[in-house]
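One structure is given here, and the rest of the page talks about it.
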Amino acid sequence: MREDLKCVISERRTLPSGQVEFILDNPRLAKEAEPGQFVHIAVENGKNLLRRPISICDAADGKTRIIFEIKGEGTKWLAGRSVGDTLTLMGPLGRGFDLDIGGSAFIIGGGIGVFPLYMLAKKLKNPKIFLGFRNKDMVVMEDEFAALGKTLVATDDGSYGEKGFAIDLAEKEISDCDIIYACGPKPMLKAVKAVAERHGVRAQISMEERMGCGIGACLVCVCKTTTGNRQVCLQGPVFDAKEIIFD
Amino acid sequence: MNTKVNFCGIEFKNPVLTASGTFGFGLEYDEYYDISELGGISVKGLTLKPREGNPTPRVAETYGGMLNSVGLQNPGVEVFKSYYLPKLKAEKTCRVIANIAGSSVDDYAEMARSLAGVGVDLLEVNISCPNVKSGGMAFGTDAKNVEAITRAVKAEASQPVVMKLSPNVTDITEMARAAEAGGADGISLINTLMGMKIDVNTRRPVLANIKGGYSGPGVMPVAVRMVYECSKAVSIPIIGMGGIMTGDDAVEFLLAGASLVMVGTANFVDPLAAVKVKNGITDYMRRHGIDDVNDLIGAVKA
């Protein structure tokens, strides 16, 4: 049986780029978590009914790391939790990245989309990592990724690393790539799909939609695929790029 | 203590069911608890052919509730009959209610024909979906149509027929009476209230479909009032729903005149919500020395 898990926040910090990081203590969650999956956190402020889906950044030894951006009332409440507070959450949920594809892997992350790619990078052998951010101030986790594989950074305004997009840096080296794993804003994922198709490379991309139940029952968070609308929370969030239809 | 309720000749082990559209086909939540603990489930609204539904975003959070504009995405009645229904009947002991929708009177009749004699315990006829262009709520807001569809479904159905009413009308008792006149065995209410949410930063509606159905605890007083009014207006039994979060909420609906209740939006807040509502009702009965849940039905002192 699955459970609604209770997780104690054992560490909390605000990153220089503005996001909030929690380390959550729960043996079951850490043991079951796979790269690309998410947790669905109850917002217990007496005001917001719906849970907030937050991607899993890393998990090991009873501890699960999540990093999220403050976007609205729900994440604002979440950011206000302190060390020692208990969160109620469902998870790990969803279908994560397929680790058994093999070959030379490229990891492409954009903005806050880099967080769910960290645990993936740890599990892959020598991935090449391409990270894109709006500007220098938004660059996050570069050193942690660099410890796992050759890492290149791009910024939209050129204030740090290369000027441009992560996918453009990746395309220059695409002849060394067998599989792309990507997470980031929709325009980036659309570009990843286009690049992958142009060069005949397989790509797995993590999709995002406003969510309801988190377990496939309410049909709110669907995305368009070649086999019809599919649930991001249950059949995703990770899909093969070739299946996804972008508007 | 008795929690069994006989509704239209069918015995429910307790009065707590889950509302259509909030519980998939039950199997999703069965990973969190044995859904056989519930009186029954009403499955995702079914149509003759599979439907893809509306564009996203399909959900918007509001104070005290949420809006949805799913638009009846479903795999079609044949997939329900060949996959979900046999699985539910083989593995689960809760009652299975098929929620059916269509875009013409003939559609509804054909749906009822297709589900006759297949082991569905009850038909819930959705004439109140606010998120589809043709059919849906357009039927449920016109008394003549309500009666005509009820008659057409009754002519084909092998199981009791419950008409699911829309709250988006001036007088819901008019629709309840029309369902009764058409031969309905029961009514269920309320479906969602039409609503809208605007993002003040972008000045755009949050929902891609602009408008959607409002549900959650914010709608509960409206729903309780409508159940109360309908229970005075018709003699067929009622399934009450709209914002139930706790056992005491469910008791309000029973007191207002509902024989069964459905838990909907609360399932998204807490995957165990429906079973907690069930336990909350028995807690209430214990606290108030009630031996039979049937003694609560329509027992409001008003």
Q: Would you give the gap between the C-alpha center of the range B:210-273 and the C-alpha center of the range A:66-95, rounded to a whole Å?
A: 30 Å
Q.
Around B:VAL251, under 11 Å between beta carbons, what's the net of Lys plus Arg minus Asp minus Glu among the other residues?
A. -3
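Below 13 angstrom from the Cβ of B:THR56, what's the summed charge of the other residues (Lys, Arg +1; Asp, Glu -1)?
Values: positive: A:LYS186, A:ARG210, A:LYS224, A:ARG230, B:ARG58; negative: A:GLU208, A:GLU209, A:ASP247, B:GLU52.
Overall, the nearby charge balance is +1.
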Q. The protein assembly as shown: Rg/Rh from Cα coordinates, Kirkwood Rh?
A. 1.01
Q | Between 0 and 90°, nearest 10: helix A:186-199 axis offset from chain A longest Cα axis | A | 40 degrees
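Take each of the peptides B:52-64, B:235-247, B:100-112, average the number of other beta-carbon atoms within 10 Å over its residues, and list them starting from the highest. Don't jump to the answer; show the numbers that get you there.
Values: B:52-64: 19.3, B:235-247: 23.8, B:100-112: 20.9.
My ranking of the peptides, most packed first, is B:235-247, B:100-112, B:52-64.
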Q. How big is the range A:4-93 in terms of Cα radius of gyration and Dmax, in angstroms?
A. 11.9, 34
Q: Name the cysteines of the protein assembly as shown that stand alone by the Cβ rule: no other cysteine Cβ under 4.7 angstrom.
A: A:CYS7, A:CYS57, A:CYS177, A:CYS183, A:CYS221, A:CYS223, A:CYS233, B:CYS8, B:CYS94, B:CYS129, B:CYS230
Q.
Need the list of aspartates and glutamates near A:LYS163 for cross-linking: C-alpha distance under 17 angstrom, and skip anything on the same chain fewer than eight residues off.
A. A:ASP137, A:GLU142, A:GLU171, A:GLU173
(Q) Spelling out what I want: for every residue of the range B:33-43, take phi, set θ = phi - 60°, compute 6.51 cos²θ - 1.76 cosθ + 1.60 (Karplus), and round to whole Hz; glycine and proline get x. (A) 7, 6, 5, 5, 5, 7, x, x, 10, 9, 6
(Q) Around B:GLY195, under 15 Å between beta carbons, what's the net of Lys plus Arg minus Asp minus Glu among the other residues? (A) +1
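Nearest 100 Å², what total accessible surface is buried between chain A and chain B (probe 1.4 Å)? Each step should come with its number before you reach the end.
Values: alone 11710 and 12460 Å², together 21600 Å².
It comes to approximately 2600 Å² buried between A and B.
For A:221-227, what's the mean count of beta carbons from other chains sitting within 10 Å of each residue's beta carbon?
Working: counts 4, 8, 1, 3, 0, 0, 0.
So the per-residue partner count for this stretch is 2.
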Q | Residues along the range A:41-68 losing 30 Å² or more of accessible surface when the other protein chains are present rather than the chain by itself (probe 1.4 Å) | A | A:LYS47, A:LEU49, A:LEU50, A:ARG51
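In deg cm²/dmol and to the nearest 500, what is the mean residue ellipticity at 222 nm of chain B if only DSSP H runs of at least 4 residues count, each as -39500 (n - 2.57), divided by the residue total?
Values: 9 runs with 89 residues, N = 302.
Taking each H run of at least 4 residues, the total per residue is -8500 deg cm²/dmol.
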**Q.** the range A:105-243 pair-distance distribution - Cα-Cα, 10 Å bins, rounded %
**A.** 13, 42, 32, 12, 1
Q) Volume per residue, Å³, of the convex hull around the alpha-carbon atoms of the range A:120-177? A) 72 Å³
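The values are calculated or read from the model by the stated rules, or taken from the named source; none is laboratory data. The shown structure was predicted, so the numbers you read here are calculated from the model rather than taken from an experiment. All Cβ positions, glycine included, derive from the backbone under ideal geometry; neighbour counts span all protein chains shown. Note: areas computed on protein heavy atoms with side chains; ligands, DNA, RNA excluded. Shrake-Rupley method; radii C 1.70, N 1.55, O 1.52, S 1.80 Å.
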